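First the structure, in the form of structure tokens, and then the observations on it.
Read-outs throughout are calculated quantities, based only on the coordinates presented, and are distinct from any laboratory measurement. Note that this is a predicted model, so its numbers are computed, not measured. Neighbour counts are summed over all protein chains in view; Cβ atoms, including those assigned to glycine, are modelled from backbone coordinates with ideal geometry.
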């Protein structure tokens, strides 16, 4: 007797999921970046990302794999998405001169404290990485772990970021980066169509791409589904690929790039 009501309840649940997944559509690219920043700015999140046990974990195996593929083993390292200092401390311990960049100033303060407590010094810059503005020819390596490359909304903005990054790097500059990799992970066609319609109706996210999402309703993330898309962006941004790897089990991939025009 309750079947119509159960059916209605299930419809409401599906509608709720559709609306929640479509929150991305009403924000423009700059809004998506700010949405992510606000998720990481609260004091509780800063404490969580800067806790000692996390910092002392050092580099993870997939990060060690990328570091091993780098042809440049020393010098000035630009760490993009510094967080609470886990990467910064680990890389400073390897002898790199680290400059950490993050869009949450409190994160950078925590990273500096964590480094100082371990007898290390790092430099910091409070910036949003896709609008990077740093001196030209200043860094030997750029490092983006934790799938930071996927946190930049729109292909155009990601390519622009790479072009800006290339200017910051010295002629033989290298980049190690990680990205979200999820083959076949696009939203259902019906949901994607609704999101596109909502984006145009609200003058919001008109550049919506397959694989775009609000990861855990916390931050923007672009899921790459094809190696060709990655290689195309890297080339358009001014980099050649030295190494690329995929770890679908953890929805992560990584690449080592070299500034185009650099000698082998």
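Which angle between 0 and 90 degrees, to the nearest 10, do you get for helix 155-168 versus the longest principal axis of the chain when only C-alpha atoms count?
The helix 155-168 is inclined about 10 degrees to the chain.
For a distance above 17 Å, tell me the whole-number percent of Cα pairs in segment 90-215 that qualify. Spell out each step's value before the answer.
Numbers: 5240 of 7875 pairs.
Percentage above 17 Å: 67.
What's the ranking of 175-184, 143-152 by average number of surrounding C-beta atoms within 10 Å, highest first?
Numbers: 175-184: 21.3, 143-152: 24.5.
Taking the mean over residues of other Cβ atoms within 10 Å, the ranking is 143-152, 175-184.
Across bins of 5 angstrom width beginning at 0, how are the C-alpha pair distances of segment 146-244 distributed, in whole percent?
Spelled out per bin, shortest first, that is 2, 12, 20, 24, 18, 12, 7, 4, 1, 0.
From Cα pairs below 8 angstrom and at least 6 apart in sequence, can you work out the relative contact order of segment 22-171, rounded to a whole percent? Walk me through the intermediate numbers first.
Working: 230 pairs, mean separation 35.1, N = 150.
About 23 percent, as a whole number.
How far is helix 189-201 tilted off the main Cα axis of the chain, in degrees rounded to 10, range 0 to 90?
In the chain, helix 189-201 runs at an angle near 80 degrees to the longest axis.
If contacts are Cα pairs under 8 angstrom and at least 6 residues apart, what is the relative contact order of segment 92-170 in percent? Before the final figure, lay out each step's value.
On the way: 81 pairs, mean separation 24.1, N = 79.
In percent, rounded to a whole number, it is 31.
With a point put 7 Å past each Cα toward its Cβ, work out how far residue 11 is from residue 30 in nm, to one decimal.
Distance between label points: 4.1 nm.
For a footprinting-style exposure proxy, rank 194, 234 by other Cβ within 10 Å, fewest first. Mind showing how you got there, number by number?
Working: 194 17, 234 23.
Starting with the residue having the fewest Cβ neighbours, the order is 194, 234.
Going by C-beta contacts inside 10 Å, put 205, 60 in order with the fewest on the left. Present the calculation step by step, with values, prior to reporting the outcome.
Working: 205 26, 60 17.
So the ranking, lowest neighbour count to highest, is 60, 205.
Most exposed first by the Cβ proxy, i.e. fewest other Cβ within 10 Å, how do 13, 24, 159 rank?
Details: 13 10, 24 24, 159 18.
Sorted ascending by nearby Cβ count, the order is 13, 159, 24.
Which whole-number percent gives the relative contact order of the chain, counting Cα pairs below 8 Å spaced six or more residues apart?
Numbers: 499 pairs, mean separation 55.4, N = 264.
It rounds to 21 percent for the chain.
Just the Cα atoms of segment 1-148: what Rg and Dmax do they give in Å?
Cα-based Rg and Dmax for segment 1-148 come out at 20.3, 73 Å.
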